[in-house]
1. Contact order normalised by length for segment 211-304, with contacts defined as Cα pairs under 8 Å and 6 or more residues apart; what percent is it?
2. Please report, largest first and rounded to whole Å, the three semi-axes of the ellipsoid equivalent to the chain, where each semi-axis is the square root of five times an eigenvalue of the C-alpha gyration tensor.
3. What angle do you read, to the nearest 10 degrees and between 0 and 90, between the alpha-carbon axis of helix 307-320 and the longest principal axis of the chain?
4. Which of ASN144, ASN38, ASN178 ends up with the largest GNM mean-square fluctuation for the chain, with Cα atoms connected below 10 Å?
5. Relative to the longest principal Cα axis of the chain, at what angle does helix 118-134 sit, 0 to 90 degrees, rounded to 10?
6. Averaging sequence separations of C-alpha pairs under 8 Å and six or more residues apart, then dividing by the length of the chain, give the relative contact order as a whole percent.
7. Once R0 is set to 22 Å, what does the formula 1/(1 + (r/R0)^6) return for the Cβ-Cβ distance between GLU118 and HIS320, expressed as a FRET efficiency to the nearest 0.05?
8. Rg to Rh for segment 52-204: what is it, with Cα atoms only and Rh by Kirkwood?
Amino acid sequence: MAVYTEVSGQEARTLLRALDLGELTSLQPCPGGIENTNYFATTEFEGRTHDYVLTLFERLTTEQLSFYLRLMKHLAQRGLPVPEPHANARGDLVFDVKAKPAAVVDRLRGKSELSPTEAHCAQVGAALARLHLAGRDFELTQPNLRGLSWWNEIVPVVLPYLNDNQKALIQSELTYQNNVAANSSYVALPRGPIHADLFRDNVIFDNAHGQPVLSGFFDFYFAGVDTFAFDLAVCLNDWCIDQKTGAHHAQRAQSFIASYNAVRPLQAAECELLPAMLRGAALRFWISRLWDFYLPRTASLLQAHDPAHFERVLQARVSHGMHFDQLVATP
């Protein structure tokens with residue numbers, strides 16, 4: 001986990017009081033995550049305990065945060081299991097803590113499932129489709145800041161750290177993705193606010209009568225307006241691959257896509273371009289992990305993710321070159 005900015009109990013207590021959320025009883029650093037400083041905060045209010053997440057944003061600006069937090073509030077108010085941000089009396093959602101922009105959101109119940117089954121994938125697929133539908137009337141807009149333009153900017157920065165084979169792979173894939181983005185079919189793809197980072201550790205499940213039930217998804221701080229197909233590809237590259245080899249898992253992918261499709265039917269162009277989106281999503285996270293690994297920021301607690309994982313995923317996606325029907329075909 002990462003703690004870039006230490007927050008004292010008194011500093012957290014002052015903010016929580018200002019939001020009328022009760023008296024702080026516990027403050028603990030959050031496990032997981034490498035982008036921001038996160039704390040679990042527990043308060044007591046009117047005889048009951050309440051759990052929140054306090055986040056200090058290390059890279060994002062107040063202007064960017066307005067999009068993320070307003071989107072979360074928009075989705076939560078439409079019944080999606082998203083942590084709702086808390087506002088002060090003026091309606092502000094972003095606050096200053098240790099000269100960093102900060103927010104307080106509800107902490108959801110449940111835990112992540114790092115070894116998902118087809119049943120888990122089905123629930124996430126349906127929830128992702130509901131997210132895409134619910135965001136269509138969201139008025140704010142912001143591009144995906146980790147999209148293609150960012151890939152073009154960062155690849156030259158990480159290139160000196162790669163061996164010849166890695167350089168060839170990352171440069172050829174970047175060229176391929178630039179060509180895809182120039183295609184008229186890609187330009188016409190349905191788009192809107194996307195999560196862009198809905199990995200296994202950003203989704204939690206609770207237990208109902210012995211069965212897992214999706215209880216929340218969070219960490220919207222890579223969200224932006226992009227194609228829905230890219231968001232689907234990001235998920236498939238985490239939920240529906242073998243973690244050790246990066247190989248495609250057809251049964252889980254079939255379950256994920258079928259559930260998504262039942263809520264928001266995919267267009268023909270989305271199905272056609274999904275294999276290219278899978279390659280692009282793998283490239284995006286390989287680039288960001290290379291950047292975090294070779295150019296890390298100072299943090300009290302930090303463990304960067306292994307870049308080799310998404311290098312393997314990209315290699316698998318490129319080498320198999322699957323069509324959409326092959327992606328969901330079971331052996």
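1. Averaging sequence separation for qualifying contacts and normalising by length gives 30 percent for segment 211-304.
2. 33, 23, 19
3. Value to nearest ten degrees: 30.
4. ASN178
5. For helix 118-134, the angle is close to 70 degrees.
6. Relative contact order here is 19 percent.
7. The value I calculate is 0.60.
8. Dividing the radius of gyration by the Kirkwood radius yields 1.01.
The values are calculated or read from the model by the stated rules, or taken from the named source; none is laboratory data. These figures come from a predicted structure and were not determined experimentally. No Cβ is skipped: glycine too gets one built from the backbone with ideal geometry, and neighbour counts run over all protein chains shown. Heads up: the accessible areas ignore ligands, DNA and RNA and are worked out on the full protein's heavy atoms, side chains in. Shrake-Rupley method; radii C 1.70, N 1.55, O 1.52, S 1.80 Å.
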